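See below for the structure under consideration.
The values are calculated or read from the model by the stated rules, or taken from the named source; none is laboratory data. Given the structure is predicted, the values throughout are model-derived calculations rather than measurements. Note: ideal-geometry Cβ built from the backbone for every residue, glycine included; neighbour counts use all protein chains shown.
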Amino acid sequence: MNSSVKIAKRLPLAFSAAMLLACVWTVSTAFAGEQIRSETVKFHDLNVNTSEGVQALYGRIHAAAWHVCVTSSNDPIYLNGARDCAKKAEAKAIETVNLPQLTAFYRMKTGDRAQPLSANR
């Protein structure tokens with residue numbers, strides 16, 4: 001009788017652990033097959049030495065970041081994640097392009113001075 005009481009007390013703990021492992025496995029397999037999404041932003045037609053060209057390039061990068069990150073869901077949790085994804089994608093793209101004028105415009109537009117962006121040309 002004593003051993004059946006010990007097993008009965010451990011059963012909810014074992015069940016909880018099994019459910020947690022099943023959830024972790026489900027989430028990990030859901031993301032395992034996903035590809036990193038990207039979009040190419042072309043700007044050879046823009047004069048990035050003018051403020052209009054820089055603004056147009058920023059607009060293209062901003063739109064591409066949203067296009068890559070936003071899903072069709074209207075769920076607020078997904079939208080918050082998409083917003084964070086778009087901000088990171090936008091910052092990464094601007095860092096990759098590495099134009100001082102674009103970096104300055106990005107910092108002025110977003111007010112984000114904490115992110116280290118390089119722009120040495």
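This table checks each residue for (1) modelled with pLDDT of 90 or more; (2) touching a His at 6+ places or on another chain (Cβ under 7 Å); (3) among the aromatic types (Phe, Trp, Tyr).
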residue	(1), (2), (3)
Gln55	yes, no, no
Tyr58	yes, no, yes
Ala63	yes, no, no
Asn74	no, no, no
Gly81	no, no, no
Glu95	yes, no, no
Asn98	yes, no, no
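Results for (1) part of a helix (DSSP H, G or I); (2) among the aliphatic types (A, V, I, L, M), shown as yes or no for each residue.
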{"residue": "Phe43", "(1), (2)": "no, no"}
{"residue": "Val48", "(1), (2)": "no, yes"}
{"residue": "Val54", "(1), (2)": "yes, yes"}
{"residue": "Tyr58", "(1), (2)": "yes, no"}
{"residue": "Asp84", "(1), (2)": "yes, no"}
{"residue": "Gln101", "(1), (2)": "yes, no"}
{"residue": "Tyr106", "(1), (2)": "yes, no"}
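When the residues of the range 65-82 are filtered to those that are assigned to a helix (DSSP H, G or I) and within 13 Å of Arg37 (Cα to Cα), the one that is farthest from the chain's Cα centre (by Cα) is His67.
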